[in-house]
Amino acid sequence: MARFLSQAWLDLHLAAAVGLPERSGATARVQHVVTGTPDGEVRYFQSLVDGRVSEVGLGDDAGADVTYLQTYAAALEVARGEVGADVAFMRGRLKVTGDMGKVMDLMPLTTSGEYRSLVAEVSAQTEY
């Protein structure tokens, strides 16, 4: 089991994403900022290239195209697959800054059945 928002949890995403199909154009560097966690603010990043996760890590990505800002409660909902990031955004529980075009480029990936399966797989191995 990997602790939520830990490097081990991010590594689970990287391993689970190996099987995702290529999605041409779904490319972006995403900075995540989660506030109000038991450990304070947590910052991590993901790099996606044509729909595949190519890099993850704790900390900041100076080259991020977009930043997702959310509370711990909202991040839990997304991580557990209770809502997608798109729904969290529409409900005002996920704030986005940066290149909105990149966010739109990622939507075919993040709303796909394959991605929902990845979220479920990682969630089953996560200690919340």
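The values are calculated or read from the model by the stated rules, or taken from the named source; none is laboratory data. If you're wondering where the values come from, they're calculated on a predicted model, not measured in any experiment. Because the Cβ atoms are built from the backbone with ideal geometry, glycine has one as well, and the counts that use them run over all protein chains shown.
Scan the range 71-90 and give yes if some residue there is at pLDDT below 95 and not in a helix (DSSP H, G or I), otherwise no. Among the residues of the range 71-90, at least one is at pLDDT below 95 and not in a helix (DSSP H, G or I), which makes the answer yes.
If you scan the range 48-61, which residues turn out to be touching a strand residue (DSSP E or B) at 6+ places or on another chain (Cβ under 7 Å) and either among the basic types (K, R) or surrounded by fewer than 13 Cβ atoms within 10 Å (Cβ to Cβ) (or both)? Full working, then the answer.
Step one: of the range 48-61, the residues touching a strand residue (DSSP E or B) at 6+ places or on another chain (Cβ under 7 Å) are 48, 53-61.
Residue satisfying the conditions is G59 alone.
Residue under question is L14, and the condition is that it be buried (at least 20 other Cβ atoms within 10 Å of the Cβ) and either assigned to a helix (DSSP H, G or I) or modelled with pLDDT under 95 (or both); does it hold? Considered against the rule, which asks whether it is buried (at least 20 other Cβ atoms within 10 Å of the Cβ) and either assigned to a helix (DSSP H, G or I) or modelled with pLDDT under 95 (or both), L14 comes out as no.
Can you confirm whether the range 60-67 contains a residue that is of a type in the set (V, I, T) and either free of Cβ contacts under 8 Å to residues at least 12 places away in the same chain or under 19 Å from E127 (Cα atoms) (or both)?
There is no residue in the range 60-67 that is of a type in the set (V, I, T) and either free of Cβ contacts under 8 Å to residues at least 12 places away in the same chain or under 19 Å from E127 (Cα atoms) (or both).
Does A64 fit the bill of being touching a helix residue (DSSP H, G or I) at 6+ places or on another chain (Cβ under 9 Å), in a loop (DSSP other than H, G, I, E, B) and either crowded, with 20+ Cβ neighbours inside 10 Å or aliphatic (A, V, I, L, M) (or both)? So A64 does not fit the description; no.
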